[in-house]
1. Considering only the range B:333-357, state which residues are surrounded by 20 or more Cβ atoms within 10 Å (Cβ to Cβ) and either among the basic types (K, R) or in contact with a Cys (Cβ under 6 Å, 6 or more places away or on another chain) (or both).
2. Considering only the range B:152-178, state which residues are at the interface with chain A (Cβ under 9 Å from one of its Cβ atoms), out of contact with any Ser or Thr (no Cβ under 6 Å at 6 or more places or on another chain) and charged (D, E, K, R).
3. Test B:E303 against the criterion of being in contact with a Lys or Arg (Cβ under 9 Å, 6 or more places away or on another chain), touching a residue at least 60 places away in the same chain (Cβ under 8 Å) and within 19 Å of B:D86 (Cα to Cα), and give yes or no.
4. In the range B:100-137, which residues are part of a loop (DSSP other than H, G, I, E, B) and surrounded by 24 or more Cβ atoms within 10 Å (Cβ to Cβ)?
5. Can you find a residue in the range A:97-120 that is closer than 17 Å to A:L210 by Cα, modelled with pLDDT of 95 or more and more than 12 Å from chain B (Cβ to nearest Cβ)?
6. Can you find, within the range A:52-74, the residue that is nearest to the other protein chains (Cβ to nearest Cβ) among those that are over 19 Å from B:D296 (Cβ atoms) and in a loop (DSSP other than H, G, I, E, B)?
7. Which one of B:A41, B:A11 is among the aliphatic types (A, V, I, L, M) and within 14 Å of another protein chain (Cβ to nearest Cβ)?
8. A:I221 - would you say it is surrounded by 16 or more Cβ atoms within 10 Å (Cβ to Cβ) and within 15 Å of A:N15 (Cα to Cα)?
Amino acid sequence: MSLLHDAFARAKSENRAALIGYLPAGYPSRDGAVECIRAMVEGGVDIVEIGLPYSDPVMDGPTIQAAVDISLAGGTKIVDVIDTVRQVALDGTPTLVMSYWNPIERFGVEKFAQELAAAGGVGVITPDLTPEEAGAWNAATDANNVDRVFLVALSSTNERIATVAAETTGFIYAGAVMGVTGARTSLSGAIQDLVARTRNASELPIAVGLGVSTPEQAHEIAQYADGVIVGSAFVAAIEQGGAQAAKELAEKLAAGVKR
Amino acid sequence: MSTDSAVVPDAMGHFGPFGGRFVPEALMAALDEINDAFHKAIIDPSFTAELNDLLVNYTGRPSPLTVAKNFSQHCGGATILLKREDLNHTGSHKINNVLGQALLTKRMGKTRVIAETGAGQHGVATATAAALFGLECVVYMGEEDTKRQALNVARMRLLGATVVPVTTGSRTLKDAINEAMRDWVANVDTTHYLFGTVAGPAPFPELVREFHRVIGKEARQQMLDRFNRLPDAVVACVGGGSNAIGIFHEFIPDENVALVGIEAGGDGVETGRHASTITGGAVGVLHGARSFVLQDDDGQTVESHSISAGLDYPGVGPEHAYLHDIGRAQYRPVTDAQAMEAFQLLSRTEGIIPAIETAHALYGAMSLGKELGPDAVILVNLSGRGDKDVETAARWFGLAE
């Protein structure tokens, strides 16, 4: 059992979903990101996703795009992302990286998996890598004991879900909306159906993200999913009120994920 | 060298190590749907008849092959032949692909098209087809490009399209594609992304190529009919690479015909301010496919630079990467200044004002002619007309009042 699966198991034993919080490395600054992530964990985040800032984030809405621009303008490099993982993982928090594919390929697929594992990272979410293109990635993550997280979408057929499930090792990321990251006032009922269809194909934990920002949404999702992923709302909170605001949002969301 | 390149891509959209699909899972179903609709359509006689009727009676195909006698004097005496895609309706090769995809959109039952555009040629062509077929049309265009190509912005709006200036990143074609992808992920049920070049995730590189192959098919036949021979070289400009693939493809099996793609050299590849992706980039993944990309050591895309909005793109279609890799085509940079020299020369010697994109290919032909000598016959894809570039050119040459 990895730290990641421990966290899902602990949440389950406490009759709640795991709370997964996202923040790009280097936002609001290199040290500021570590401080904010620690505050999120203090507030009740179980699992941390550290975003690897990329110049062309086609899956991200304006909130995360702006944060990533600030991070890149501040000079964040891949080595800094891995260092951020190291600092957060040292506290014992299960820590993943969320990255578009090109930076990993350019850095070196094997090298990335190796250095992430050495830093204590437990897994990587790859929003624009589908299992069809993941041959080298599967080998590198297996060799280094790094979990790989692929996504399923509302538009995924059951056949696609089975393909994704077969290659995923950490948890399955179910996208709650058709669209980019960013807060939504309401979520489609189709997400519950997607989680149910995914359960038929896999015994892995299933976490729901994309558009999730409020404790009410977290509570609703927690009834049928194993994890609730929140990203843009943390970025927005930090923009407004720094680490303290991130902690307060985490506390509210942590109350929300109780069943 | 084999003619294997005639059968790429494979079923997953790979051209050797290039191409493929690097997209959010949310788009996989839509890409499968397009792939399926496309492969059914191109073997359906009713589809090909309808497309062919449009190409002849709406676009004005076949486009002529013009002997550029005067311009040839400046090309080492080599004979320069121009494939006149500038004479197509809407003024460039872009309409070939757009009409094909608009028909596909109708077949898939979608009611809205979105497109990215750099120079505005693809945007104008898409807005035109949307008007013809009664489709809602939204065109994403980098804010920088809306200024460089104000005439085309006005044309799109006259045709009823909504033009969205994109203010993220470098505010050029790359960012317009990002924004269009974001729109598509959110509206994929009703919307077809009418992609404008031979890049992007599979099946776009293959699909766009197939709709532009008509350029090379006509040109090859025109060469044989009128000159009873094939050219020594075929030259075309390459941004994403659609006009180049369109004219190259039919000649790939003709091993004695050199295929030369001209990339935008901007201020010069050595300055770092250029858009010569194959010459000056490295293998990577951008906008859904593996190809050459202008990028730094961390895989961050580096901004491209070119006087030509249509070539100002840090990626290139995967089939070009493949043709480069197997040695079947060669790619060379031409700078802003060189392209503008050819722009002026063609205007003054032949009475044809080319698009600045196309002027890169024309300068390429001038150098190639000098290398190959007076017996050589060089076919240039005159991919677009230069009306949209008059303001940029007037500024360059100091002709503005």
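The values are calculated or read from the model by the stated rules, or taken from the named source; none is laboratory data. Since the model is a prediction, treat every value here as computed from it, not as a measurement. Reconstructed Cβ throughout: ideal geometry from the backbone, glycine too, with neighbour counts over all protein chains shown.
1. B:E357
2. The one that is at the interface with chain A (Cβ under 9 Å from one of its Cβ atoms), out of contact with any Ser or Thr (no Cβ under 6 Å at 6 or more places or on another chain) and charged (D, E, K, R): B:K174.
3. Details: in contact with a Lys or Arg (Cβ under 9 Å, 6 or more places away or on another chain): yes; touching a residue at least 60 places away in the same chain (Cβ under 8 Å): yes; within 19 Å of B:D86 (Cα to Cα): no.
In short, no.
4. Initially, the range B:100-137 is screened for residues part of a loop (DSSP other than H, G, I, E, B), giving B:108-111, B:118-120, B:134-135.
Across the range B:100-137, the qualifying residues are B:G118, B:A119, B:G120.
5. Start the filter on the range A:97-120 by keeping residues that are closer than 17 Å to A:L210 by Cα, which leaves A:97-100.
Now restrict to residues that are modelled with pLDDT of 95 or more: A:97-100.
With more than 12 Å from chain B (Cβ to nearest Cβ) added as a condition, the list becomes A:97-98.
Yes, the range A:97-120 has at least one match.
6. A:M59
7. Numbers: B:A41 fails: within 14 Å of another protein chain (Cβ to nearest Cβ).
On inspection, the qualifying residue turns out to be B:A11.
8. Working: surrounded by 16 or more Cβ atoms within 10 Å (Cβ to Cβ): yes; within 15 Å of A:N15 (Cα to Cα): yes.
The answer is yes for A:I221.
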